[in-house]
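Structure incoming, see below.
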Amino acid sequence: MEKGRKWKILVVGTWHNGYLSSYVEEQILPLRALGLQVVRYGITGKGLMGYLRCLPALKRAIQQHQPDLIHAHYGLSGLLANLQRRVPVVTTYHGSDINVPAVRRFSKIAMCLSAHNIFVSQRNVTLALSPNSLITSRLKKRYTLLPCGVNLTDDQLLSRSEARKILGIDDDAKVVLFAGAFANAVKDAPLAQEAVSFASNLSPLASNLTLQELRGFSRAEVNCWMCAANCLLLTSKTEGSPQVIKEAMACGCPIVSVDVGDVAERVSGVEGCYVVRTREPRDIAQALQQAITFEGKTNGRDRILEMGLSNEQVAERLIAIYEGIV
């Protein structure tokens, strides 16, 4: 960064009631703390045409703010941002924009147009830059593997007993957090429910398990639930680098997950965390049996720092990427 100069970054992403996605908003704060000016543009349209209809408004935002660089989150956002060629664009791909073939084709256009591309998991890199891909040679020096980071806060340090007192949960209750909303088909709630049912029947230690939907809570409430739960269960059909896994790690919550996204890499070496290589309910149930008997905090928080995935650490790496462009 030029001495004495504050870059201005325009962050582009999907708008949710006046905010970008929570993980994007949380990524912005440490960038500002490090001296960058960050302004936001929220896309309100849905689908390709909905995004394209936002182009005039985005161009007006660029004219108004005069950013040095645009950081777009999600493949379609990157495609939209690159339809102007005045300001260089960094695009982060978060998972569904690579995992879903119908969206991936538009993400690949964004990859070719972007000054730099960020992928949140190695699996997404492999899908996006397949050996037969025509764009692979063009992108060899124009991409980085960098998952989104997480905030490390004091309320994640609550003991299970302390958190349960706040939530009014009995100490002997067996609580499994479902990693998302039951209504989200990609999260595969039926598989989670079947696995919990199996686990309840396998052993008295796992009897009367409660599967708690993780939806509609504030960030502080999510942290409290993760501190209070016996474990987090993720049964998604596809993922990129699921934030919920890193958030659970930050809270020291045991984890059971099917093998999607970068979960296996993230929880590697973390006690009390299990990756199930099949999607069989009985196999998931056996892992749940082990996870719910884990006492105390896992070492997931230490692992987050070792991987450089606190939001402050990720912000430093983002600035290094920006430096290579601006």
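Please treat every number below as a calculation from the coordinates, not as lab data. Just so you know, these numbers come straight off a predicted model, no measurement behind them. Don't worry about glycine lacking a Cβ; one is built from the backbone with ideal geometry, like all the others, and counts go over all protein chains shown.
Mind sorting Cys251, Cys112 by how few other Cβ atoms lie within 10 Å of their own Cβ, fewest first? Provide the component values of the computation, followed by the final result.
On the way: Cys251 28, Cys112 14.
Arranged by neighbour count, lowest to highest, Cys251, Cys112 become Cys112, Cys251.
Also, quick follow-up: For Leu52, what charge total do you get from the other residues with a beta carbon under 13 Å from its beta carbon, if Lys and Arg give +1 and Asp and Glu give -1?
Working: positive: Lys46, Arg53, Lys59; negative: none.
Local charge sum for Leu52: +3.
What's the exposure ranking of Leu80, Leu127, Leu10, going from fewest to most Cβ atoms within 10 Å?
In order of increasing Cβ crowding within 10 Å: Leu127, Leu10, Leu80.
If you add up the charges near Ala179, with Lys and Arg at +1 and Asp and Glu at -1, over every other residue whose beta carbon is less than 11 angstrom from its beta carbon, what do you get? Walk me through the intermediate numbers first.
Details: positive: Lys187, Arg215; negative: Asp188, Glu213, Glu239, Glu247.
My count for the surroundings of Ala179 gives -2.
Which loop trypsin sites (Lys or Arg not before Pro) in the range 206-262, with loop taken from DSSP, have no more than 16 other Cβ atoms within 10 angstrom of their Cβ?
Loop-located and lightly packed - Arg215, Lys237.
Quick one: 3J(HN,Hα) in Hz for the range 13-21, Karplus 6.51/-1.76/1.60 with θ = phi - 60°, rounded, Gly and Pro as x.
Those phi angles translate into x, 6, 8, 10, 6, x, 9, 7, 3 Hz.
In whole Å, how far is the Cα centre of the range 48-124 from that of the range 176-192?
Distance between centres, Cα-based: 29 Å.
Ok, one more. Using a simple spin-label model with points 7 Å from Cα along the Cα→Cβ vector, what separation in nm is obtained for Ala57 and His16?
1.8
Here is a further query. With an 8 Å cut-off on Cα pairs and a minimum separation of 6 or more residues, tell me the relative contact order of the chain in percent.
Relative contact order of the chain: 16 percent.
Ignoring GluC sites (Glu not before Pro) that are buried or in helix or strand per DSSP, and keeping those with at most 16 other beta carbon atoms within 10 Å, what is the longest stretch of the chain between them? Write out the running numbers ahead of the final one.
On the way: sites that count: Glu2, Glu271, Glu295.
Between exposed loop sites, the widest span is 3-270.
For Ile118, Ile255, Ile321, what ranking results if the residue with the fewest other Cβ atoms within 10 Å of its Cβ goes first?
Fewest-to-most Cβ neighbours within 10 Å comes out as Ile321, Ile118, Ile255.
Additional query: At Lys46 and Glu221, where each label point lies 7 Å from the Cα along Cα→Cβ, what is the point-to-point distance in nanometres?
2.4
I've got another one for you. Take a quick pass over the chain and tell me how many lysine pairs come in under 16 angstrom between Cα atoms, counting only ones 8 or more apart or on separate chains.
Close lysine pairs found across the chain: 7.
Continuing with the same structure: Let's test the formula: R0 of 25 Å, r as the Cβ-Cβ distance of Arg282 and Thr210. What FRET efficiency results, to the nearest 0.05?
After rounding, the FRET efficiency stands at 0.80.
Along the charge dipole of the range 1-138, Cβ charges K/R +1 and D/E -1, which of Ser22, Gly45, Ala33 sits furthest on the positive end?
Gly45
Then there's this: Starting from the Cα gyration tensor of the range 154-306, take the square roots of the eigenvalues, sort them a ≥ b ≥ c, and report rounded, prolate or oblate (rounded when a/c is under 1.5, otherwise prolate if a/b is larger than b/c, else oblate).
Because its axes are fairly even, with a/c under 1.5, the range 154-306 counts as rounded.
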